[in-house]
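Presented below is the structure to which this report refers.
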Amino acid sequence: MASPTYSRLDLIRFFAACLAGFLGGHLTNYAVILFAQDVWGMDALAGAGFALCFGVPLLLGWPAGAWCDQHSPQRIAQFAHGAFFLALLLLAAASRNPAFGVPLYLLGATCAGVGWALLAPARMALLGRLAGERQAKLAVLFNLLVMLGFGLAPLLLALARNLGGWPAVHGSGLLLFGLSAGLLVGLRVPGLGGAGHVLERVQQGFAYVRATPLLAQALLAAVLIYLAMGPIQVMLPRFAQQTLQLSELARGLFLGTLALALLLGGAVSLWLARRFGQGRCVLVAALGSGIALGLLGQTSSLGLALLCLGLNGIGAGIAVSLIVALLQHESQPQLRGRLLSIYTVTSQVVPAAGGLGAGLLLEVLPASQGLLFCGVGLTLLFGLAGWRLARLRAYA
């Protein structure tokens, strides 16, 4: 049976849906973190909420990849949009119900985790089906939208809070997910089918990774890079408040500048890879990102903080974009959903663990010392990876 063909309009509305969804998803994450920090003054609860947002995929993310291979990833994505809708409604209820606020808050964070577990592999499986032979280039564009949503979400949250408080934040998220769901309506991407129980199909994905050292090393590098995302999201808002003493809107702008750095890193990633080799660029950029994170914790000047944050974001943008391009380009179509579910679980669970640890660390250390501690640890890990991951280092 011939594979279906997709028009440029299909790709445009897919990418527009991704941008709206990425922005809404990261807005939800930041809402979880900042509500616990700013309203309740509980950093540990903020870390726990963030851990639920990206920790639920530890259980649900593996079968999600198998479902995206077997069934329509468009349909899986729409289920995920529903989970995010419920998450935002529960977070809104938590802000209005002091007696049951914490349980509702944790339940909302859990629903956000369900949404991420389903939506992340569904989007990447959709990209693999729509992109055809243009996997590498369109994967970089896809990742640019991921980073744009991640970077602009705190700015949108700050603007919404200034205009209408937390109800405006939750309403903005609902509108974004409504737009994302609407743009995918009618995009017919049938499942690839396949026999076997879902657990057997998940095991096939793991066996494929174990048998392909390049993919295994790329996923290990992704684990290390995403380990920095939890501290970034949990510690940076507190660092901007404690050390830089920024107002709420200024804090949103400061965190939003990370988007520019991530986008710049993603934009130059393929250009650098063509000249210096894709694997070497991943490892060098990751090492530079870790060093910049450590230096960020040692400055109290806004200008130097922006410079360090920019270097951190550029390094992360280069490394993540090239890893996504590698995984999309090197994966077999019939196993792509399961391979990318391993990647997306990595991109969610590892930041969740880092976010929980960062929240606990903030209970005993100021944010500046916490960033230094995380930066030094990550720099050592990235240096070790550059030495040991020979297959990835040699990948051109």
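Go through L11, L311 and list them by solvent-accessible area, largest first, probe radius 1.4 Å.
L311, L11
Using 19 Å as the cut-off for backbone N distance, which residues of the stretch 16-46 belong to the label zone defined by a point 7 Å from the Cα of A250 along Cα→Cβ?
Counting backbone N atoms under 19 Å from the label point, the list is 38.
Where q = 0.22, 0.26, 0.29, 0.34 Å⁻¹, what log10 of I(q)/I(0) comes from the Debye formula for the stretch 223-269, counting one point per Cα?
Values returned for q = 0.22, 0.26, 0.29, 0.34 Å⁻¹ are -0.84, -0.97, -1.04, -1.12.
Please arrange V102, V320 by accessible surface area, largest first, computed with a 1.4 Å probe and ligands excluded.
V102, V320
On the protein heavy atoms, probe 1.4 angstrom, tell me the percent of accessible surface of the chain carried by carbon and sulfur.
Carbon and sulfur atoms account for 69 percent of the accessible area of the chain.
Peptides 68-77, 176-185: what's the order by average Cβ count within 10 Å, highest mean first?
So the peptides 68-77, 176-185, ranked by packing, come out 68-77, 176-185.
Consider a paramagnetic label point 7 Å from the Cα of E363 along Cα→Cβ; state which residues of the stretch 77-118 have an amide N under 18 Å from it.
Within reach of a label on E363: 102-103, 106.
How long are the three semi-axes of the equivalent ellipsoid for the chain, computed from the Cα gyration tensor as the root of 5 times each eigenvalue, in whole Å, largest first?
The answer is 31, 26, 18 Å, longest axis first.
Students sometimes get this wrong: rank I12, I342 by accessible area, probe 1.4 Å, all chains present, largest first.
I12, I342
When the helix-only estimate is applied to the chain (DSSP H runs of n ≥ 4, each -39,500 (n - 2.57), divided by the residue count), what is the mean residue ellipticity at 222 nm, nearest 500 deg cm²/dmol?
It comes out at -29000 deg cm²/dmol, rounded to the nearest 500.
Just the accessible area per residue of the chain, please: how many Å² with a 1.4 Å probe?
39 Å²
I want to make sure I understand the PRE zone here: with the label point 7 angstrom from the Cα of L304 toward its beta carbon, which residues in the stretch 355-396 have backbone N atoms less than 20 Å away?
Within reach of a label on L304: 366-377, 379.
Output the peptides 365-372, 205-212 sorted from most to least packed, where packing is the average of other Cβ atoms within 10 Å over each peptide's residues.
Descending mean neighbour count gives 365-372, 205-212.
Please report Rg (one decimal) and Dmax (integer) in Å for the Cα set of the stretch 1-100.
17.2, 58
Assuming R0 = 25 Å, can you tell me the calculated FRET efficiency for the pair S7 and Q332, based on Cβ-Cβ distance, to the nearest 0.05?
Efficiency, from the Cβ-Cβ distance: 0.50.
The values are calculated or read from the model by the stated rules, or taken from the named source; none is laboratory data. Values in this document were obtained by computation on a predicted structure and should not be read as measured data. Quick reminder, even Gly has a Cβ in these numbers, built from the backbone with ideal geometry, and neighbours come from all protein chains shown. The protein model used for the area step is the full one, side chains on, heavy atoms only, and it has no ligands, DNA or RNA in it. Shrake-Rupley method; radii C 1.70, N 1.55, O 1.52, S 1.80 Å.
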